[in-house]
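Structure first, commentary second.
A short reminder: the numbers here are calculations on the coordinates, not readings from a lab. Keep in mind that this is a model prediction, so the values were computed, not measured. Please note: Cβ atoms are built from the backbone with ideal geometry, for glycine as well, and neighbour counts cover all protein chains shown.
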Amino acid sequence: MLTLTGPEDRILILLPWQTQGSVGDLLQIALRRMKAMPLPYGPVSDPRAAVRYALHSGATAIVGIPVQVLAMARHKEGHLLRNKIKYVLLCTDYVPQAICRALEAAWGCSVFQHYGMTEMGLGGGVQCRALRGYHLREADLFFEIVDPESGEVLPEGETGEVVFTTLTREGMPLIRYRTGDVSSFLPGKCPCGTVLRSLALIKNRVDGFIQFGGGKITLPDLDEKLFDFDFILDYKAYVRKNGEQSELQLVLKTVDGSKADLSAVIKSVLILPALQDSERHRLILQVTEEPDFTAFTGGTAKRTITVIQ
């Protein structure tokens, strides 16, 4: 947290925090150690309430799940946080660049990305102010990039699967644990001067491709197209297969009261190579009005494409 906040900051924690040892609880402990003020709130189910709490509490920074923070920024009262929120740290899920751009534009803030998982002890790496890649927690974890098929270590700069080995853990030691994430080490030194290696931002998973038509489709493909529309807060993606025919269904969670230009969404998504064969494959859009934001995705942090045979 010292890479983006200081003792004068008030950090809104949009993560579970009530249970001792939970990610939000541990974050509170860390922030108090650096003399910053933690503001525990929890996952966002009502973007308006979260925006008002941020205003009332005088929050200057936010830590949260990408789509939930985006919902706050795109709420009709979200503009009230402009120039009040200085930093945002996004975590728990893959972070689309389109969401980073939207938050920067809405609030005039800097957006950082965190990389971690339960098996890492939650923390794996975080961006510095150079916003280049994740600086890794190398004192406790040894990271490597391997060929997903053979498991052989790849030279620096080549893309492969991220694996890590725990160095200091006694309770659950892991050796070359396969994360399923695809990345590479960035060559050269970071402008910030750190001696830590930089891992390129995670953009996909080894099994993150779904065959669709004559090509493949990924969640990041859809993310970068859909989140560029300022009325889209989140979406679910389903691929239905019937023999040689495939159907992509997108269920959109949109800003309340928005006049969604679905024709523009369709044109944008159809640009993807996997959807070019329009005679054999279909794209269907559906708009949901689910008022409870967390209910839209069942309260889970990670989003996926669901395949229905």
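What to note about this one:
- Using 0.36 nm per residue and subtracting the Cα-Cα separation, the extra length available between Ser45 and Glu77 on full extension is 10.0 nm.
- Evaluated at q = 0.20 Å⁻¹, the base-10 log of the normalised Debye intensity for the range 207-248, with identical point scatterers placed on the Cα atoms, takes the values -0.69.
- Net charge dipole size for the range 242-282 [Lys, Arg +1 and Asp, Glu -1 on Cβ; Debye, nearest 20]: 140 debye
- Karplus-derived 3J(HN,Hα), 6.51/-1.76/1.60, for each residue of the range 268-275, Hz, glycine and proline x: 5, 5, 5, 5, 4, x, 5, 9
- Percentage, to the nearest whole number, of Cα pairs in the range 63-180 over 16 Å apart: 65 percent
- Dimensionless Rg over Rh [the chain; C-alpha; Kirkwood]: 0.97
- Estimated from helices alone, the mean residue ellipticity of the chain at 222 nm is -5500 deg cm²/dmol (sum of -39500 (n - 2.57) over DSSP H runs with n ≥ 4, per residue).
- Under 19 Å from Lys236, Cα to Cα: lysines that are on another chain or at least 8 residues apart: Lys203, Lys216, Lys225, Lys253, Lys267, Lys302
- Taking the inverse of the mean 1/r over every pair of distinct Cα atoms in the range 1-115 gives a Kirkwood hydrodynamic radius of 13.8 Å.
- For the range 133-205, the convex hull drawn through the C-alpha positions has a volume of 87 cubic angstrom per residue.
- Residues of the range 133-158 with an amide N closer than 16 Å to a point placed 7 Å from the Cα of Arg33 along the Cα-to-Cβ direction: 137-141.
- DSSP beta bridge pairing in the chain, given as percent antiparallel to the nearest 5: 55 percent
- For Thr288 and Ser150, the difference between the fully extended length at 0.36 nm per residue and the C-alpha to C-alpha distance is 45.3 nm.
- Taking amide H positions as modeled 1.01 Å from N, with prolines and chain starts lacking one, the residues under 5 Å from Asp234 and 5 or more places away or on another chain are Lys253.
- Stretchable slack from Tyr238 to Ala130, in nm (0.36 nm times residue separation minus alpha-carbon distance): 35.2 nm
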